[in-house]
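Step one of this worksheet: look at the structure below.
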Amino acid sequence: MNKLFDIKRTSYKTITELPDSWSEQDFKHLLKVMEFDGIADLAPEELREMCLMSLTDNEPEDAAKIVLEYVFKGKLNKGQVENLSNELLDEKLWEEYADLSMHENFFKVHQLLYNAFEGTFPHPEAVSFSISVSAKEKGTSAYFDDYPEAPLLRLLVAGMPQNNLIYRLFDEQIDGETFKEARDIIWKMQMEKISENEILFNIISSSYWFKDFKYVDAYEAATHPDE
């Protein structure tokens, strides 16, 4: 059943890197793959820069293969890695790849390669924003208890123009009983319960989906949880 909520955007910014997307352990693994000697001698703050430098010892396509194989760990076959390593040079795979569940990791790949090769790869752009969601009826904040991405995304779409890409591609899911793609569209989400009826959401996703949300202020919208 649809219930009404008050939504207010409290922040919005464009980002080029996902927070904590690359760890010290990740850099060590990549350096090991690239047969870098003396990994144990590197200080933690040196790992990232040394990894970027080691990537540039390769041609861009070969560096892309190394990162793709590491990030997707067996999810891509040799032929796919070969093709995608070339596509990465021109295409924004974090927006264009058919499998939405891989978009966040493609962004992670792009951000590392973009930094290593100083712009040879497309410029990665994501968005980070916060909203306050207030229930108009007591108890309806429980809509976000089990699978919050689905009811949350329905609210977010309601604040953007009707020609928004999410609505055009997923109009049946927005109005329907299940919206399994919501978790792949919303890459990262943190919830903070402010009061019994108010929740603060911090969201990170692609600007591909949410570039229109920067113009949103406050509005009222209805949503429902997945069955």
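Any idea how many residues of segment 123-174 are among the hydrophobic types (A, V, I, L, M, F, W, C), modelled with pLDDT under 95 and either crowded, with 20+ Cβ neighbours inside 10 Å or touching a Lys or Arg at 6+ places or on another chain (Cβ under 7 Å) (or both)? Of the residues in segment 123-174, 2 are among the hydrophobic types (A, V, I, L, M, F, W, C), modelled with pLDDT under 95 and either crowded, with 20+ Cβ neighbours inside 10 Å or touching a Lys or Arg at 6+ places or on another chain (Cβ under 7 Å) (or both).
Residues that are in a loop (DSSP other than H, G, I, E, B) and modelled with pLDDT of 95 or more within segment 178-200 comprise THR178, PHE179, LYS180, GLU181, ILE186, TRP187, listed in sequence order. One residue stands out among those in segment 108-139 that are among the aliphatic types (A, V, I, L, M) and over 30 Å from ASN197 (Cα atoms): the one that is nearest to the chain's Cα centre (by Cα), which is VAL109. Residues that are of a type in the set (Gly, Ala, Ser), loosely packed, with under 13 Cβ neighbours inside 10 Å and in contact with a Lys or Arg (Cβ under 9 Å, 6 or more places away or on another chain) do not occur anywhere in segment 43-50.
Residues in segment 124-147 include at least one that is out of contact with any strand residue (DSSP E or B) (no Cβ under 7 Å at 6 or more places or on another chain), charged (D, E, K, R) and within 20 Å of GLU220 (Cβ to Cβ). Looking across segment 53-102, the residues that are among the charged types (D, E, K, R), over 18 Å from VAL33 (Cα atoms) and part of a helix (DSSP H, G or I) come down to GLU87, GLU95, GLU96. In segment 4-52, the residue that is nearest to the chain's Cα centre (by Cα) out of those that are among the acidic types (Asp, Glu) and assigned to a helix (DSSP H, G or I) is ASP26.
The values are calculated or read from the model by the stated rules, or taken from the named source; none is laboratory data. These numbers come from a predicted model, not from an experiment. Cβ sites come from the backbone with ideal geometry, for glycine too, and all protein chains shown count toward neighbours.
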